[in-house]
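Please treat every number below as a calculation from the coordinates, not as lab data. All values derive from a computational prediction rather than experimental measurement. Neighbour counts run over all protein chains shown; Cβ positions are idealised from the backbone, glycine included.
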C-alpha cells in the first residue's frame, strides 16, 4: 500500500484543527473504527485524515478496504456519497457536493444523481436549475422530467408550461401531437 498520501479523490476540505485533534484522540483511544478505502492503484477513496493520523502515530495495522472496478467518475461519486452520509457539513458544503456531481454528470437525471449521493431528487433539481440559470452546466435533455422543464423554462424566461401540459407529458411521453410539438419547440 502506498505510503504517500494521494489526494486525487479528496473532495472535501481538510478538517479544522479541533476536528482533526478530536479524530486523532479517538484513534489513539479506540483505533481506526471505519476502514480506510483505497482503489486498486492505492489511491485513497475515503479516510485521508485517518491515514494521515495513522502515519503520524506509527500505526500500520488499520482496517482497509480495496474498491476495485470503478472508473474515476464512480470513485468521486462514492467519495461524495460517503462524505454526505457521514460528515457534519453545512448546507452550502452539501450543495457544493451536489453541484460538483451535476457538473461532472449533467446527462444524468436528478433522480439518478440523488440516488447515487443519497439525497433527495428535489434538492438536486434545485441545484441543477441554479447551475443552468448561470450557464455553468449544459442543458442536456429538457424531457428528463416535467419539473426540470418548468424550472429551465422559468430560468430562461421562456413560456412556462401549465400543470395540465406537465401531466400530459408524463402520461403521454410524446404520444400526443401537442405534447410532442411542445417538446420539439423546447429542444
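Roughly how many Å is it from the Cα centre of the range 38-54 to that of the range 103-125, as a whole number? That distance is 26 Å.
Taking neighbour Cβ counts within 10 Å as the exposure measure, how do 28, 119 sort from fewest upward?
Working: 28 11, 119 22.
Placing the least packed residue first, the sequence is 28, 119.
Going by a ≥ b ≥ c, the root eigenvalues of the Cα gyration tensor, does the range 1-100 fall in the rounded group (a/c under 1.5), the prolate group (a/b larger than b/c) or the oblate group? Verdict is oblate for the range 1-100.
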